[in-house]
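S.K.: This is the structure I want to talk about, given as structure tokens.
The values are calculated or read from the model by the stated rules, or taken from the named source; none is laboratory data. Keep in mind the model is a prediction, meaning the values are calculated, not measured. Here the Cβ positions follow ideal geometry from the backbone for every residue, glycine too, while neighbour counts run over all protein chains shown. Accessible surface is based on the protein model in full, side chains and every heavy atom, while ligands, DNA and RNA are left aside. Shrake-Rupley method; radii C 1.70, N 1.55, O 1.52, S 1.80 Å.
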Amino acid sequence: MPPVSGATATRTPAKAAPRRKRGEGQWALGYREPLNKNEENKKNDDGLNVRQRIIDIYSKAGFDSIDPADLRGRFRWFGLYTQRKPGIDGGKTAVLEPEELDDRYFMLRVRIDGGQLSTGQLRVVADISNKYGDTPRVIMGCPLAGLDADELIDATPEIAAIGDQFIGDDAFSNLPRKFKSSISGCAAQCTHHEINDVAFAAVRQPGTGEVGYDLWVGGGLSTNPMIAKRLGAFVRPGQVPEVWAAVTALFRDYGYRRLRHRARIKFLVADWGPERFREVLEKEYLGYALPDGPAPVNVENGMRDHVGVHPQRDGLNYVGFAPKVGRLNGDALHAIAALAEEYGSGRIRTTAEQKMVIVDVPPARTADLVAELEAAGLPASPSAFRRHTMACTGIEFCKLAIVETKGRAADLIDELERRLPGFAHPVTINVNGCPNSCARIQTADIGLKGSLVTDAAGNQVEGFQIHLGGTLSGGDAAGSGFGRKVRGLKATAEELPDYVERVLRRFEAAREEHETFAAWTLRATDEELS
């Protein structure tokens, strides 16, 4: 057809069909195919099924009978991780095949819900430690739940209900990746709700005074650290198990499965935002709206460990003490069990700060227990460095670690106590053997990430990248932060005591009244922090 007079003829190119966005492996959106090796293994067999093979086959036929998919995958459902062969340093881990790296021993993580132990249970852990050399690990729940005179609410029933109803349930045995939970009524907020995948932190509703929980989701550290997001939702105690299950199911169905490194819930929350997450949670999983609620109150970052002598609500005391960087052998665990029976009721608690607590101590006997703990090298009034330094397992037992951590951190404590005997500021020093941040380096005043560094002679030696000024506020997420990194700031393991002493002396000299180390690092120059 000829063009209309006076008009210009043009040719409009055909529009290409829109390209379908690549799926992230989210079940709820129809992507159920296995999109990475881990997802393929989980599809082939549920991780819970490995327990019976451990009992019936592997414990009898030995290490060589273990299916590789079980050995380096499904064993983790029951806390078993292969260790590094002796003599392999951290620099070789990236170039060796798994079978060249794995020793024929395991690191065993022991599940201790809410940090609560009887002396009988502690002695079993002690015997395992003496016989096999495995190390106990804790999970998140205030260890003084139901006891602490200052707590807002006892979260023990909620933790028990989730354990009874959902732990071991195959409905939640195939999540996109690990999933860490925290439920606490603790006034000190000792479980660090800001950095867990899902967390319930106790709050009191203004006006009515009703006590319940503030719901947080999407926290986590490792190589992509993120502070959890407040959903602004108030959860009543009886609702906690179903809300926990709903958040977990949402993660199962919408969590990313295509790329392993993006399979944590924090990436989903970061992409969606807290408003959309709450909307999907309420409409698709709960079937009802949660009321709005307040944020938790701020607390001091360095005082969330329950160390010292504190009153219980029943008139007794609890006594928190500080093993050096959380390292205890079987003999020490047996000694702690004996003290708990002699001075208390035979109940022990473990904390998220690598500390321990003996509960139910009569006030008249508290001083004697403190003296016995001190004599055993387990002070209830530790130095600032003993109290506020923690370390991950390190290269001794973890095949991901690049450097040794426990011994280095213990030596650092000794040196700082000698060099700075009057130092009283609660500066946290967290020592990690690799980038995965088991020791929470990004939230420490001084975070030390293990790496191989070049010394003055040009040799590759064990050392640390240094991260400064991390903090958790306990309240609104805006008050928390990961501090700062000074470009090129590293220290060899041998240089570490000199560096930490130097920066702490500068802090003491320059700090303003009531200024924390984290606040000082934000205004300090790179030269002052070097």
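S.K.: Give me a count of the residues in region 409-443 that are small (Gly, Ala, Ser), at pLDDT 95 or above and open to solvent by 10 Å² or more (accessible area, probe 1.4 Å). Steps first, answer last, please.
M.R.: Restricting attention to region 409-443, the residues satisfying the condition of being small (Gly, Ala, Ser) are 409-410, 422, 424, 433, 437, 439.
Right, trim to at pLDDT 95 or above and you get 409-410.
With the extra rule that they be open to solvent by 10 Å² or more (accessible area, probe 1.4 Å), the set shrinks to 410.
Within region 409-443, residues that are small (Gly, Ala, Ser), at pLDDT 95 or above and open to solvent by 10 Å² or more (accessible area, probe 1.4 Å) number 1.
S.K.: Please go through (1) free of Cβ contacts under 8 Å to residues at least 40 places away in the same chain; (2) touching an Asp or Glu at 6+ places or on another chain (Cβ under 6 Å); (3) not charged (D, E, K, R) for residue 288 and return the number of the only condition it doesn't satisfy.
M.R.: (2)
S.K.: Right, next: From the set of residues in region 478-497 that are touching a residue at least 60 places away in the same chain (Cβ under 8 Å) and assigned to a helix (DSSP H, G or I), which is nearest to residue 294 (Cα to Cα)?
M.R.: Result: 479.
S.K.: Right, something else. Take the residues in region 386-408 that are within 24 Å of residue 426 (Cβ to Cβ) and touching a strand residue (DSSP E or B) at 6+ places or on another chain (Cβ under 7 Å), then tell me which one is surrounded by the fewest Cβ atoms within 10 Å (Cβ to Cβ).
M.R.: This residue is 406.
S.K.: Sticking with this structure for a sec: For region 484-501, enumerate the residues that are exposed (fewer than 14 other Cβ atoms within 10 Å of the Cβ) and over 16 Å from residue 456 (Cα atoms).
M.R.: 487
S.K.: In region 203-236, which residue that is open to solvent by less than 10 Å² (accessible area, probe 1.4 Å) and of a type in the set (Gly, Ala, Ser) is nearest to residue 448 (Cα to Cα)?
M.R.: Residues of region 203-236 that are open to solvent by less than 10 Å² (accessible area, probe 1.4 Å), as a first pass: 203, 212-220, 228, 233-235.
Pick out the ones that are also of a type in the set (Gly, Ala, Ser) and you get 212, 218-220, 228, 233.
Numbers: 212: 36, 218: 24, 219: 20, 220: 17, 228: 22, 233: 35 Å.
Filtering first and then ranking leaves 220.
S.K.: Restricted to region 55-86, and to residues that are β-branched (Val, Ile, Thr) and in a helix (DSSP H, G or I), which residue is surrounded by the most Cβ atoms within 10 Å (Cβ to Cβ)?
M.R.: Within region 55-86, the first condition is being β-branched (Val, Ile, Thr), and the residues that meet it are 55, 57, 66, 82.
Okay, now just the ones that are also in a helix (DSSP H, G or I), so 55, 57.
Numbers: 55: 10, 57: 14.
Selected residue: 57.
S.K.: For residue 251, only one of the following conditions fails: (1) under 23 Å from the mean Cα position of the chain (by Cα); (2) open to solvent by 30 Å² or more (accessible area, probe 1.4 Å); (3) of a type in the set (Phe, Trp, Tyr). What is its number?
M.R.: Going through the list (1) under 23 Å from the mean Cα position of the chain (by Cα); (2) open to solvent by 30 Å² or more (accessible area, probe 1.4 Å); (3) of a type in the set (Phe, Trp, Tyr), residue 251 breaks only (2).
S.K.: List the helices (runs of 4 or more DSSP H) inside region 218-284, counting only whole elements, that have at least 3 residues being closer than 24 Å to residue 160 by Cα.
M.R.: Numbers: elements: 240-254, 265-272, 274-280.
Ranges flagged: 240-254.
S.K.: Now, a different point. Scan (1) at negative phi; (2) open to solvent by less than 30 Å² (accessible area, probe 1.4 Å) for the single condition residue 310 breaks and write down its number.
M.R.: Status for residue 310: all satisfied but (2).
S.K.: Can you say whether residue 333 is over 17 Å from residue 385 (Cα atoms), modelled with pLDDT of 95 or more, in contact with a helix residue (DSSP H, G or I) (Cβ under 8 Å, 6 or more places away or on another chain) and not small (Gly, Ala, Ser), as far as the supplied structure shows? Steps first, please.
M.R.: Working: over 17 Å from residue 385 (Cα atoms): yes; modelled with pLDDT of 95 or more: no; in contact with a helix residue (DSSP H, G or I) (Cβ under 8 Å, 6 or more places away or on another chain): yes; not small (Gly, Ala, Ser): yes.
Taking the combined requirement at face value, the residue does not satisfy it.
S.K.: Now, a different point. Which residues, taken from region 498-519, are assigned to a loop (DSSP other than H, G, I, E, B) and in contact with a strand residue (DSSP E or B) (Cβ under 9 Å, 6 or more places away or on another chain)? If you could, list the steps in order and put the result at the bottom.
M.R.: Residues of region 498-519 that are assigned to a loop (DSSP other than H, G, I, E, B), as a first pass: 511-516.
Within region 498-519, just 516 meets the criteria.
S.K.: Only one of 416, 420, 373 is over 26 Å from residue 331 (Cβ atoms) and touching a strand residue (DSSP E or B) at 6+ places or on another chain (Cβ under 9 Å). Can you tell me which?
M.R.: Numbers: 420 fails: touching a strand residue (DSSP E or B) at 6+ places or on another chain (Cβ under 9 Å); 373 fails: over 26 Å from residue 331 (Cβ atoms).
Step by step, each of 416, 420, 373 is checked, and only 416 is over 26 Å from residue 331 (Cβ atoms) and touching a strand residue (DSSP E or B) at 6+ places or on another chain (Cβ under 9 Å).
S.K.: Right, something else. Any chance region 188-204 includes a residue that's within 30 Å of residue 250 (Cα to Cα), under 15 Å from the mean Cα position of the chain (by Cα) and acidic (Asp, Glu)?
M.R.: For region 188-204, residues within 30 Å of residue 250 (Cα to Cα), under 15 Å from the mean Cα position of the chain (by Cα) and acidic (Asp, Glu): present.
S.K.: Look through 475, 450 and report the one residue that is in a loop (DSSP other than H, G, I, E, B) and in contact with a Pro (Cβ under 9 Å, 6 or more places away or on another chain). First the steps, then the outcome.
M.R.: Numbers: 450 fails: in a loop (DSSP other than H, G, I, E, B).
Result: 475 is the single residue among 475, 450 that is in a loop (DSSP other than H, G, I, E, B) and in contact with a Pro (Cβ under 9 Å, 6 or more places away or on another chain).
S.K.: For region 337-354, which residues satisfy the criterion of being free of Cβ contacts under 8 Å to residues at least 40 places away in the same chain and either under 17 Å from the mean Cα position of the chain (by Cα) or at positive phi (or both)?
M.R.: 354
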